[in-house]
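*Asks:* What follows is a structure written as structure tokens; I'll ask about it next.
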Amino acid sequence: MGNIKPKELSKIGYTDNVARSLAIELVAKHCKHNTQEEIINLLQDIHLHPDQYKKDSTWGRLAEVLSPTKTTVATFEINDTPIPYYIYGEDNIDELSKKQMEVAMRLPVTIAGALMPDGCAGYGLPIGGVLATTEDVVIPYAVGKDIGCRMSLTILDAGADYLEKFRDRAVEALINNTAFGLDGVLPFKQYHPLFDKSEFREILILKKFREKAVRQLGSSGKGNHFVDICEVKLTSNNALGLTEGNYIGILSHSGSRGLGAGIADYYTAIAKDTCRLPRLAGPFAWLRLDSETGQEYWKCMEIAGEYSAVNHECIHYNVAKALRLKPLTNVSNHHNFAWHDTLPDGRKGIIHRKGATPAHLGELGIIPGSMATPGYIVSGKGNAESLYSASHGAGRTMSRLDARNSISRYALKKYLAENYVTLIGGTTEEAPQAYKDIKKVIESQKELVNIGGMIIPRIVRMSED
């Protein structure tokens, strides 16, 4: 059983080649124990009543092919002038970033915005851009392609002298327990209950990327993603409940891998098809949250955020176990995400942060520097003008291409040696010389965050891509 021929499908109304092929595929996969009569009756019913099957996890794709859902297309103009917004560290932000932010501030759904001091040009919203829209819309590309990209710091039960005694063990821990790049996969299998959630069965795009997400669990992307074994210097007002002093820590930066990218591409395409904007503002196409697609994107975004958090947990567990150390505490935060929030003027809205750290009053976060410059543990001051946000890093001064063409491998090695940093992998595209001075970036946002500690890279693992 479990098979049906094209001629039989034609007899019951399947005249479209795509529908026939998909029906054959689904029958072979899901009807192995059904009789021929049961299969034909089911397919006839799907053909006659496709709308009743569109939410079915097995037959939804076939129903959609038989009766495509009609989408409503709306066309919008953008305002002539941007809403005023705050820029932090403006002297060190390029003009393209400001122009991108100004376009975002001209959208008819925009109600507030801010640009962080690490601001640099992106696609649509600049990196470091914070955008508040009305509470009924979400902009997939204002969240970003790496949904839930995240910082995570685990402080361990060892002093800074640990690396003097066990440096080789630390290097091996990173080599054997981390993986990077598009094809980065760990040599051992992992699993997490997150993958048992019903959304992975019910939402087509999640179902499509589930196996890849399982395979990539515990790995990191390329570019500026990293896993460090670092020295952590805590101040007396660190808000972590730990004694002032120097510790060893694991610091990681990565996101939702192929899962998040797939979600972003899929729903951005839908947003652009249904929300027509002038070409200048095209990347800012939004989804309405009172629509089925908008609700579905929000669920997928939250799943991608959970996946990113789980990914970091796996990385830190694996590395800490290899170091033979125990965690004392952890500080983590997303910086590519959207949140329901109340704005300073009391209005409800959606705050999109694309490369910005949430910084509500007392909220803990991590702002890294580069592979060889310090990062900072911070707590938010709840600044209203910044929309309760801070930078997510130092921000680039060079594009990756410019860095590759102007910074030699020798210059990078010299810089690393001067700062006592061991680099595993990595490229000159991510050299510290390609980034802004993190100390100046922190200084320019002193009204946004308090400093509770400094993170100094010692052994850094990055992608070689």
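*Asks:* State all residues of the range 328-351 that are crowded, with 23+ Cβ neighbours inside 10 Å and small (Gly, Ala, Ser); if no residue qualifies, say none.
*Replies:* Ala338, Gly349, listed by residue number.
*Asks:* Also, quick follow-up: Of the residues Ser252, Ser256, only one is within 26 Å of Leu163 (Cα to Cα), at pLDDT 95 or above and touching a helix residue (DSSP H, G or I) at 6+ places or on another chain (Cβ under 7 Å); which?
*Replies:* Being within 26 Å of Leu163 (Cα to Cα), at pLDDT 95 or above and touching a helix residue (DSSP H, G or I) at 6+ places or on another chain (Cβ under 7 Å) holds for just one of Ser252, Ser256, which is Ser252.
*Asks:* Okay, next question. Given the conditions (1) assigned to a loop (DSSP other than H, G, I, E, B); (2) modelled with pLDDT under 95, and given that Gly218 satisfies all but one, which numbered condition is not satisfied?
*Replies:* Checking Gly218 against (1) assigned to a loop (DSSP other than H, G, I, E, B); (2) modelled with pLDDT under 95, the one that fails is (2).
*Asks:* Go through (1) under 30 Å from Ser219 (Cβ atoms); (2) crowded, with 23+ Cβ neighbours inside 10 Å for Tyr123 and report which single condition fails.
*Replies:* (2) is the only condition that Tyr123 fails.
*Asks:* Between residues in the range 365-394 that are free of Cβ contacts under 8 Å to residues at least 60 places away in the same chain and in the same structural domain as Lys413 (by TED's automatic domain parsing) and residues that are surrounded by fewer than 24 Cβ atoms within 10 Å (Cβ to Cβ) and assigned to a loop (DSSP other than H, G, I, E, B), which pairs lie under 7 Å by C-beta distance while being six or more apart or on different chains?
*Replies:* So the pair list comes out as Gly382/His360; Gly382/Leu361; Ala384/Pro344; Tyr388/His360; Tyr388/Gly382.
*Asks:* Could you list, in sequence order, the residues of the range 60-100 that are without any contact (Cβ under 8 Å) to a residue 60 or more places away in the chain, more than 26 Å from the chain's Cα centre (by Cα) and over 21 Å from Tyr267 (Cα atoms)?
*Replies:* Listed by number, the residues that qualify are Leu66, Asn79, Asp80, Thr81, Pro82, Ile83, Pro84, Asp91.
*Asks:* Of all the residues that make up the range 295-336, how many are small (Gly, Ala, Ser) and over 13 Å from Val143 (Cβ atoms)?
*Replies:* 4
*Asks:* Of everything in the range 93-132, what is over 21 Å from Leu448 (Cβ atoms), assigned to a loop (DSSP other than H, G, I, E, B) and among the hydrophobic types (A, V, I, L, M, F, W, C)? Give them in sequence order.
*Replies:* Result: Leu107, Val109, Ala121.
*Asks:* Please work out which one of (1) part of a loop (DSSP other than H, G, I, E, B); (2) farther than 24 Å from Lys272 by Cα is the condition Asp51 fails and give its number.
*Replies:* Only one criterion is unmet by Asp51, namely (1).
*Asks:* Count, please, the residues in the range 50-65 that happen to be under 17 Å from Ser10 (Cα atoms) and modelled with pLDDT of 90 or more.
*Replies:* Number of matching residues: 3.
*Asks:* When the residues of the range 145-191 are filtered to those that are outside any helix (DSSP H, G or I) and of a type in the set (Val, Ile, Thr), which remaining residue is farthest from Val378 (Cα to Cα)?
*Replies:* Filtering the range 145-191 for residues that are outside any helix (DSSP H, G or I) and of a type in the set (Val, Ile, Thr), the one farthest from Val378 (Cα to Cα) comes out as Val185.
*Asks:* Just to check your reading of the model, which residue among Gly148, Gly89 is surrounded by 21 or more Cβ atoms within 10 Å (Cβ to Cβ), over 30 Å from Ile248 (Cβ atoms) and at pLDDT 95 or above?
*Replies:* Unique residue meeting the criteria: Gly89.
*Asks:* Further question: Can you say whether Tyr247 is hydroxyl-bearing (Ser, Thr, Tyr) and assigned to a helix (DSSP H, G or I), as far as the supplied structure shows?
*Replies:* So Tyr247 fails the test.
*Asks:* Being at pLDDT below 95 and either under 30 Å from Trp59 (Cα atoms) or in the same structural domain as Gly395 (by TED's automatic domain parsing) (or both) narrows it down to one residue among Leu182, Leu163; which is it?
*Replies:* Leu182 is the lone residue from the list that is at pLDDT below 95 and either under 30 Å from Trp59 (Cα atoms) or in the same structural domain as Gly395 (by TED's automatic domain parsing) (or both).
*Asks:* While we're looking at this one, here's another question. So, Val227, is that one in a helix (DSSP H, G or I) and in contact with a helix residue (DSSP H, G or I) (Cβ under 7 Å, 6 or more places away or on another chain) or not?
*Replies:* Against the criterion (in a helix (DSSP H, G or I) and in contact with a helix residue (DSSP H, G or I) (Cβ under 7 Å, 6 or more places away or on another chain)), Val227 does not qualify.
*Asks:* Okay, next question. Kindly list, by first and then second residue, each pair from a residue in the range 335-350 that is in contact (Cβ under 8 Å) with a residue 12 or more places away in the chain and over 28 Å from Ala394 (Cβ atoms) to a residue that is exposed (fewer than 13 other Cβ atoms within 10 Å of the Cβ) and hydroxyl-bearing (Ser, Thr, Tyr), limited to pairs with Cβ atoms under 8 Å and residues at least 6 apart or on different chains.
*Replies:* Lys348/Thr342; Gly349/Thr342
*Asks:* So how many residues does the range 338-365 have that are of a type outside the set (Val, Ile, Thr), within 21 Å of the chain's Cα centre (by Cα) and under 19 Å from Leu448 (Cα atoms)?
*Replies:* 13
*Asks:* Any residue at all in the range 314-327 that's surrounded by fewer than 16 Cβ atoms within 10 Å (Cβ to Cβ) and in contact with a strand residue (DSSP E or B) (Cβ under 9 Å, 6 or more places away or on another chain)?
*Replies:* Yes: one or more hits.
The values are calculated or read from the model by the stated rules, or taken from the named source; none is laboratory data. Keep in mind it's a predicted model, so treat the numbers as computed, not measured. Positions of Cβ are backbone-derived with ideal geometry, glycine not excepted, and every protein chain shown enters the neighbour counts.
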